[in-house]
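Data first, discussion second: the structure below is written as structure tokens.
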Amino acid sequence: MDSLTCKNCGEISSVTPSTHQIRCHGCETLFSTGSPSNEVWTTGENPIVESRGFETRCSLSRRSKDWSQELQKKKTEAKNFFKGKCSSSKHPQNQPWTQSPNLVTSDLPPRGKRALICGVSYKKQKCELKGSAQDVRSIRDLLVEVYDFPTASIRILAEEEPYFPPTRKNIEDHFKWLVRNIQPGDSLVFYFSGHGKRQRDHIGDEIDGFDETICPMDFETNGMILDNDINDAIVKPLTQDVTLHAIVDSCHSGTVLDLPRVFNNTTGKWEDNSPPSGAYKGTKGGKAICFSACEDYQLAADTSAFSVEMTGAMTITFIQATRAAFEKNKNITYQDIMNYMHHTLKQAHKSGRLSGIFRIFHRRILQDPQLSASVEFDTNTEFNL
């Protein structure tokens, strides 16, 4: 992984070695990398790091005292020299990939509807997934065509140009974008397609004793993102009349947002998932709802059982349910979606069609999608975004 520093504002961004264009996190300016006529980036050292039996490019740790001091010095110098230039720039923001990408930007998140879509393929890593790229395209199309999301209100992190790569830093930065300046009536969506893991909980706020995580593309060098951190970033900031829907297609994703209520699809009742420690996991008056690929102890899969291309099993069944209702001009409820996903995946599992690249390194696939929320609600309510 390469590290590039913007000479306009001093912000550091992570990029893949093959990237030709990048948008600065700090000033939103789009630049070409490696172009002699547009020398706006400085490149840091990139040591080879041995990880899981293969080489990964990564940026130098910013925890180094000397490096941090030098970085701060360069940031201050750059900001002083170019003061005022970045804020006056108006550049188009990135949109989903096409043969000729049309890049568009906005300085502030749009009002109304906005979405963050993350698809991690782990290219050239042993844990590579084949379905994440297709998942990103499918979810983006669903939001635009069925739920009327403006393309300018969708941010995508993916391992395809012209998007920012889904590194840990980029995902965490875009969490801030997702909830920035939210207002009553806003509808937010967070979608993640990639690997998920579990690790031992050491602070006593997990009923099962494990924290759930999502894995950015650089998780082996820069770490995973814990459920506690996701809750702090995009759940707790939700204010009155703001709704967040999360759709997480990864292993162990049942309570990956750490929401205090979990719906039992067998009994039809909500169950208490509040932390034993008493920590608050709710919102500031808004509502958070999460569709997860499986329960915390379960696995999720990539599969070609439902389409020609490899895709996340939970993602494709979620899309099938919602698109079918849209095409028939019918309403669909949260319960309808859960029932469809459960039934479809169960039938595929029984028939042996649910196979492919697993979203964790196991042979068996057991997958029961799960619904969780910040507060209990009637699951027979109409689903909308």
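The values are calculated or read from the model by the stated rules, or taken from the named source; none is laboratory data. None of these values were measured; they are calculated from a predicted model. All Cβ positions, glycine included, derive from the backbone under ideal geometry; neighbour counts span all protein chains shown. Note: accessible area is taken over every heavy atom of the protein model, side chains too, but ligands, DNA and RNA are not part of it. Shrake-Rupley method; radii C 1.70, N 1.55, O 1.52, S 1.80 Å.
Between Ala305, Ala279, which is open to solvent by 10 Å² or more (accessible area, probe 1.4 Å) and either free of Cβ contacts under 8 Å to residues at least 60 places away in the same chain or not in a loop (DSSP other than H, G, I, E, B) (or both)? It would help to see each step written out before you state the result.
On the way: Ala279 fails: either free of Cβ contacts under 8 Å to residues at least 60 places away in the same chain or not in a loop (DSSP other than H, G, I, E, B) (or both).
From the options Ala305, Ala279, the qualifying one is Ala305.
Could you grab me the full set of residues in region 104-141 that are assigned to a helix (DSSP H, G or I) and either modelled with pLDDT under 90 or open to solvent by 10 Å² or more (accessible area, probe 1.4 Å) (or both)? Talk me through it step by step, then tell me what you get.
From region 104-141, those assigned to a helix (DSSP H, G or I) are 132-141; that's our starting set.
Scanning region 104-141 gives Ala133, Gln134, Arg137, Ser138, Arg140, Asp141.
Looking only at region 314-325, decide whether some residue is at pLDDT 95 or above, outside any helix (DSSP H, G or I) and surrounded by fewer than 19 Cβ atoms within 10 Å (Cβ to Cβ).
no
Restricting attention to helices (runs of 4 or more DSSP H) lying wholly within region 163-266, give those where 1 or more residues are closer than 18 Å to Thr283 by Cα, out of contact with any strand residue (DSSP E or B) (no Cβ under 8 Å at 6 or more places or on another chain) and open to solvent by 20 Å² or more (accessible area, probe 1.4 Å). Talk me through it step by step, then tell me what you get.
Numbers: elements: 168-179, 219-222, 227-230.
So the answer is 168-179, 227-230.
Looking at the structure I just gave you, is Ala293 of a type outside the set (Asp, Glu) and either free of Cβ contacts under 8 Å to residues at least 60 places away in the same chain or open to solvent by 20 Å² or more (accessible area, probe 1.4 Å) (or both)? Even if it seems obvious, please write down each step before you answer.
Working: of a type outside the set (Asp, Glu): yes; either free of Cβ contacts under 8 Å to residues at least 60 places away in the same chain or open to solvent by 20 Å² or more (accessible area, probe 1.4 Å) (or both): no.
No; evaluated as a whole, the condition is false for this residue.
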